[in-house]
Structures are given as C-alpha cells and as structure tokens.
Amino acid sequence: MTNTTTEFNSPTGASKTATPPATTTFADFGLDPLIQKAVAQQGYNTPTPIQAQSIPHVLAGSDLMGAAQTGTGKTAAFVLPIIQKILRHASNSASPARHPIRALVLTPTRELAVQVAENAASYSQYTDLRTAVVYGGVDMKEQVTILRNGVEILIATPGRLLDHIGSKVANLSQVEILVLDEADRMLDMGFLPDLQRIINLIPTARQTLLFSATFSPEIKKLAQSYLRSPVTVEVARQNAAADTVKQVVHLVAAADKQRAIVKVLENRTRQGLSRQCIIFTNSRLGCARLARALERDGIKAGAIHGDKSQGERTLTLDAFKSGEIEALVATDVAARGLDIPDMPCVINHELPFNAEDFIHRIGRTGRAGSKGDAIALVDESEKRLLDDIEKLMKRKLEVAPLPDVKSVPGQITDPFFYKPYEPSSATKPAASEQVSTTNAPEVKKVGITPAKPAVGALLGGFKKKS
Ligand code: AMP
C-alpha cells in the first residue's frame, strides 16, 4: 500500500496538503485513556496509514477527504477522533435531551452501516457516549425507541434516516461532525438528493469528512459543495490495485464461465491454495443463478444480493466467514463495505459496467500486504469494458489460458454431465402437493454419488424481501 498525500483545490482556491504523519503510535494522538483502552483491547498496535494521516487533522477540526477503501482501517480513522471530539458531551444522565446526535455517519449499505456501528460501539465502550445504527429493510419500531432515548453517534443509511427525520424521531440540529462514508457508492446508488436533504438539516458550522475509494469528478463536486478547504489524504494509489494482487484475465465464452470457475477453484485446491473466494456478478438474478449452479457442481456457494433480506445476508456472510461457504457470489451493491479479512481470491464472473467498480471488487483481496489473486472471466462482448478498466488502471492485464484441470474420480465438473432429476409420472406428486422452492432444483449426478445438500438450502427458508 502506498502512502501518499495530495493536494486538493477547494472552491475558494485555497488548498491544503496533508502533512506526512509524524506519529507512529496511538498514544501520540493524545486520545483520551478511555479510547486508548478500547483501541488496545482491539489489539491494534500501530495506526494504519489512513489513521496516521487522518486522525491529527480530524482532531484539529479540519474537513477531510480520504481516499481509502474498506480494509485500510478507515473506520477507526474517523471514529476514534470523533469520539475524542464529542467526549466532552458524554453524560450518564438518563434524559434523552442530554444525548442529542452529535456525530452522523452516512453509509450506502446496511452492511457497512452495521460494521461502522460495531466499531464505533467497541471504540466508545468505556465512555458514556451512545452509538446506534439505523438502516432500511427492517422494522422501524426498535430504531424509534433507541433514537427517542438519545444517541450521540448515529450511523445511518440515507433513506431510513430521512424516514426517522420525517416522523420527528431524529433531529440533526446538534450535529457537529458529519461523515460521508463510501461517498462514491452513495452517488452511484442515486443517494445524492437524499444526501442533499440531510446535509441541509445539519448546522453549517460543522466538520465534514468524506471517504471514497476513488475521487471521481462527481465526488469532487460533492466535496466542493459541502466541505470547507478540506485536507486530502490518500493511502493507495488512485485507481490502482494493491501491488500484492496478482491479476489474470481468462478469455472465456459466456456459456463456459461457470465451468471456468469450477476449474479455477479446482486448480487452487491442487496448488494447496484456499478456495475461499468472492465471485462478482452484475445482476441479482445472475448472482442467484450462479450460486445455485456452483452448488450443483459441488462447490459450497452462497449468494448475497439486493433481493436478500438483512437476516439472510447476515446468515450467508457468517457462513462464509466460518468457511461453511467457500464461494460467496455477490453483486456490487450487496458486497459493498463488507469486512471480509484476508480474501485470497476474487473472481469477476462478468466485468462491471463501471471500471471503478472493478477496482472496488479486486480491492477485496491483497489487503494489508497479504497476497491475493484477482481473476477476471472475459467474453468477447466485454472487451470494451476490459479496455476501460485497463485505461483506468493504466496497465494491461495479463491474459492467460484457463488452468488445465483434468476430472478426478468423484469430482466431475462438466455441467452437461448432470441431468436435472425428473421424477417419473408415476411418482410425480399431484400439482396440489408440489412444494415450490427458490433453492436449487434437485439434481442427480449420473454415475457418481449425489451432491451434498446445497449450503443455500441449509441456510434456506430465505424469503424474498417484499
Ligand atoms: P476498515 O477499513 O475500517 O473496515 O478496517 C478493516 C479492518 O482492519 C477491521 O477489521 C479493523 O478492525 C482492522 N483495523 C483497523 N485499524 C487497525 C489497526 N490500527 N491495526 C490493526 N487492525 C486494524
């Protein structure tokens, strides 16, 4: 990970350059002992580059633009100084009036909101500050109770926060620090009008921090509208992947991509590498289909996409983290912000339409200096997208043939070898007895032992978000 600082031209023409960090330990930041105790409990010894560069500026009251992805330690980079700055308001009073919202963190997804909230709760655990998270897709009641009781640090997705503001449950008039986390993704997801509405409810005499994986022209415009002479901090070369990521492109016809994934994973097994991987798809439907198809090929797969409820996503992610699932098939939106440490391999089943998303995707591997593989399966129709990606990354990606994996007994990988199981008309249940399922259709492998039950099915009973 490179560690650079850059200049940012503010709307007023003033510019500030982040000074290289002089501090190397958490103690040097002068954080309150209650915060230091929590940091030590996390087992953090040294600040990460984004922390070393950002924390002094946030403590000094500057607005800040941080170019950093999830996995760089960016959450602590803003949460720790926020806690320090609002600690003076900490109160053990039970009165809600003594606990107004002082810091607001907006995130694009529920997953990221939950992760940030978990971090904020653990970093502030020895203080009297209260932390809460609100996001859509779940019942509002519990969130209403928490907000009514008062909370100093609120982490929220924009839509749900506006719901609470609309019903006068959340009041932003005492917010001192605003964080726009993964701002680029919030813009991609069309949250700009929501962000504008929310920001207009926050006092202008505030400190604003904006974090984004890339600084697109839209992000710069957002910063120019809402940040004042921000200091800019970058911890990775812009529009580049970590040097520890080995990137390979396999040219594969669209119809052969699923088989190609099986080959890639089998090859990893032979090389003694972990099969744990995250596989990116462009659509929800494609995501669900691919996960089911991989399961039929004997790969423990789970899908995470926008049609899954919060509970389903959490279950799948937990199963992935515990190793119960080895291939997590995901869409960009659902995967955004997920904290999956030490991801050994990222596979692009399809190239994203937006080249910057490719960088987000492969940023899931090779974090914190660990080695990672990023494999892209590219068909003829995607060559233009590949060009865009190479232009953005300013490098050509290596094109290599698929690994030549011969079938081994008990591991037949040719999908055409499987036949969907069709009960004979004599054994077919009457239509009224048929049970509909959204899980993989039952399949029978010809000549080999039947596949293990699909993980998706074990996690099953998943209901679609209505
Ligand atoms: P983030 O980029 O904020 O999602 O953080 C990624 C991971 O790094 C999380 O699991 C954090 O708990 C961890 N982390 C954050 N700061 C440090 C640090 N200074 N030392 C070691 N791990 C850290």
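The values are calculated or read from the model by the stated rules, or taken from the named source; none is laboratory data. These figures come from a predicted structure and were not determined experimentally. Cβ: placed from backbone, ideal geometry, glycine included. Neighbour counts: every protein chain shown.
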**Study point:** Of all residues in region 57-75 being small (G, A, S) and either within 19 Å of E176 (Cβ to Cβ) or outside the structural domain of L104 (by TED's automatic domain parsing) (or both), the one that is modelled with the lowest pLDDT
**Key:** G66
Review point. If you take the residues in region 278-318 that are in contact with a helix residue (DSSP H, G or I) (Cβ under 7 Å, 6 or more places away or on another chain) and under 19 Å from T365 (Cα atoms), which one is surrounded by the most Cβ atoms within 10 Å (Cβ to Cβ)?
Key: A303
Exercise for review: Report yes if L87 is within 22 Å of the chain's Cα centre (by Cα) and assigned to a helix (DSSP H, G or I), otherwise no.
Suggested key: no
Check your understanding: Taking strands (runs of 3 or more DSSP E) that fall entirely within region 269-367, which contain at least 1 residues that are under 20 Å from V114 (Cβ atoms) and not assigned by TED's automatic domain parsing to the domain that holds F215?
Key -> 277-281, 301-304, 327-331
**Study point:** Flag for T109 being assigned by TED's automatic domain parsing to the domain that holds P33, away from the ligand (no atom under 12 Å from the Cβ) and among the hydroxyl-bearing types (S, T, Y)
**Key:** yes
Exercise for review: Tell me, yes or no, whether region 226-240 has at least one residue that is in a helix (DSSP H, G or I) and in the same structural domain as K371 (by TED's automatic domain parsing).
Suggested key: no
Review point. Residue check: is A132 touching a Leu at 6+ places or on another chain (Cβ under 8 Å), in the same structural domain as E176 (by TED's automatic domain parsing), away from the ligand (no atom under 16 Å from the Cβ) and without any contact (Cβ under 8 Å) to a residue 24 or more places away in the chain?
Key: yes
Review point. From the list A60, A97, which residue is out of contact with any helix residue (DSSP H, G or I) (no Cβ under 8 Å at 6 or more places or on another chain), within 23 Å of K220 (Cβ to Cβ) and aliphatic (A, V, I, L, M)?
Key: A60
Practice item. Please give the number of the condition R102 fails out of (1) in contact with an Asp or Glu (Cβ under 7 Å, 6 or more places away or on another chain); (2) modelled with pLDDT under 95; (3) of a type in the set (D, E, K, R). Key: (2)
Review point. Can you name the residue in region 42-57 that is buried (at least 20 other Cβ atoms within 10 Å of the Cβ) and in contact (Cβ under 8 Å) with a residue 60 or more places away in the chain and, of all such residues, is nearest to the ligand (Cβ to nearest atom)?
Key: T48
Practice item. Would you mention how many residues in region 114-137 are within 21 Å of the chain's Cα centre (by Cα) and either more than 11 Å from I83 (Cα to Cα) or polar (S, T, N, Q) (or both)? Key: 14
Review point. Of the numbered conditions (1) under 24 Å from K220 (Cβ atoms); (2) modelled with pLDDT of 85 or more, D32 satisfies every one except a single condition; which is it?
Key: (1)
Review point. Among the residues of region 58-76, how many are in a helix (DSSP H, G or I) and either in contact with a strand residue (DSSP E or B) (Cβ under 7 Å, 6 or more places away or on another chain) or more than 8 Å from the ligand (Cβ to nearest atom) (or both)?
Key: 3
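Listed here are the residues, each with its yes/no results for (1) within 27 Å of G71 (Cα to Cα); (2) within 16 Å of the ligand (Cβ to nearest atom).
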| position | (1), (2) |
| --- | --- |
| T127 | yes, no |
| L147 | no, no |
| T157 | yes, no |
| H164 | no, no |
| I177 | yes, no |
| R185 | yes, yes |
| A205 | no, no |
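Rundown of residues vs (1) in contact with a Cys (Cβ under 9 Å, 6 or more places away or on another chain); (2) in a helix (DSSP H, G or I); (3) closer than 25 Å to Y226 by Cα, yes/no style:
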| position | (1), (2), (3) |
| --- | --- |
| F78 | no, yes, yes |
| P100 | no, no, yes |
| A132 | no, no, yes |
| V144 | no, yes, no |
| L154 | no, no, yes |
Practice item. For region 279-296, indicate whether the set of residues that are in contact with a Leu (Cβ under 7 Å, 6 or more places away or on another chain) and farther than 19 Å from E111 by Cβ is non-empty. Key: no
Exercise for review: Quick one: V249 ticks every box in (1) in the same structural domain as P403 (by TED's automatic domain parsing); (2) modelled with pLDDT under 95 except a single one, so which number is it?
Suggested key: (2)
